[in-house]
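The values are calculated or read from the model by the stated rules, or taken from the named source; none is laboratory data. For clarity, every value in this text was computed on a predicted model and none was experimentally measured. Note that we place each Cβ from the backbone using ideal geometry, even for glycine, and neighbour counts take in every protein chain shown.
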Amino acid sequence: MRSSNPVFSRRGFSRDNGYAGFNAQPQAGGPVAGNPYAQGTANPYATNPYAPADTQVGAGPEAPAPSNVMTIDDVVSRTAMTLGTVVLTAVLSWFLLPVDSDNIGKSYGIAIGAALVAMVLSLIQAFKSKPVPALILAYAAFEGVFLGVISSAVSTYISAGVVPQAVLGTMAVFAGVLIAYKMRWIRVNRRFYGFVMAAALGFVLLMAVNLLFAVFGGGDGLGFRSGALGILFGVIGVILGACFLALDFKQVEDGLTYGAPREESWLAAFGLTLTLVWIYLEMLRLVSILQGDD
């Protein structure tokens, strides 16, 4: 199963040639079909892309050393570091980049610049063969600056309660999807993946068209991000984010099952952070519209 996150899409976290049933289990003894970290002639992914040259088929050990295997603690700690960096820089930018009438232009300019830098850093990491912790943390820092300014503006000009509600909503979505995934209420398979990716592509293209109309025609473009349509598309955006989380959990589960190298925990943290930022922004927009209509 390939993730919706570009940082996962080129990696080896997959089962059964790229797609998996939710309840698929590794076979006891010998290489697991579709495991990019195992070795063996029966394995279509017999060459481990993360193993040194002297550990390939017929040249040595067939799996990463136990001390170098990714664990759930590694994923949790790296994710905490990445999200902690986002929160820290968001709080600092909230207080250091005020959005009052005297500084709003400067603050918005810095926020847009930070967002562009964060996007570039995320793309660089997405196309690297290995995760780079410094690059991931730098992305988190710039993303936090953008989120801090935007959140401050929403809190100042719409309602002070919008940001806490968006944060709580994001946490609720994360917890809900995690529980549903662990309870086997969500089946991450080929059909689920195809549906989510098609829906995400349509959503992004529609929002891009709306943005173009807004830039050249003024206002909110086609009206997809305000009023009743804004509420509808905000809900769709949150649901898509929840689906992305399910796909990301699947990638982490596969990495743990197949003994991915410990460094891959940074990649897992990066992918989860991307998805949580998506959900928070959609939740912030949705709550803002609802508050503005009151």
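Looking at segment 214-230 only, could you name the residues that are surrounded by 16 or more Cβ atoms within 10 Å (Cβ to Cβ) and not charged (D, E, K, R)? Passing the criteria: ALA214, GLY221, LEU222, PHE224, SER226, GLY230.
Could you please let me know if LEU123 is surrounded by fewer than 17 Cβ atoms within 10 Å (Cβ to Cβ) and either at pLDDT 90 or above or farther than 19 Å from LEU267 by Cα (or both)?
Considered against the rule, which asks whether it is surrounded by fewer than 17 Cβ atoms within 10 Å (Cβ to Cβ) and either at pLDDT 90 or above or farther than 19 Å from LEU267 by Cα (or both), LEU123 comes out as yes.
Just one of the listed residues (ASP254, ASP248) is assigned to a helix (DSSP H, G or I), at pLDDT 90 or above, out of contact with any Asp or Glu (no Cβ under 6 Å at 6 or more places or on another chain) and not small (Gly, Ala, Ser), namely ASP248.
Against the condition touching a Lys or Arg at 6+ places or on another chain (Cβ under 8 Å), within 17 Å of ALA138 (Cα to Cα) and part of a helix (DSSP H, G or I), how does LEU272 come out, does it pass?
The answer is no for LEU272.
All of (1) in contact with a Gly (Cβ under 7 Å, 6 or more places away or on another chain); (2) at pLDDT 90 or above; (3) of a type in the set (Gly, Ala, Ser) hold for ALA214 with one exception: (2). With respect to GLY227, determine if the residue is farther than 18 Å from ARG187 by Cα and in contact with a Lys or Arg (Cβ under 8 Å, 6 or more places away or on another chain). Taking the combined requirement at face value, the residue does not satisfy it.
Among the residues of segment 175-193, those identified as within 16 Å of the chain's Cα centre (by Cα) and surrounded by 19 or more Cβ atoms within 10 Å (Cβ to Cβ) are VAL177, TYR193.
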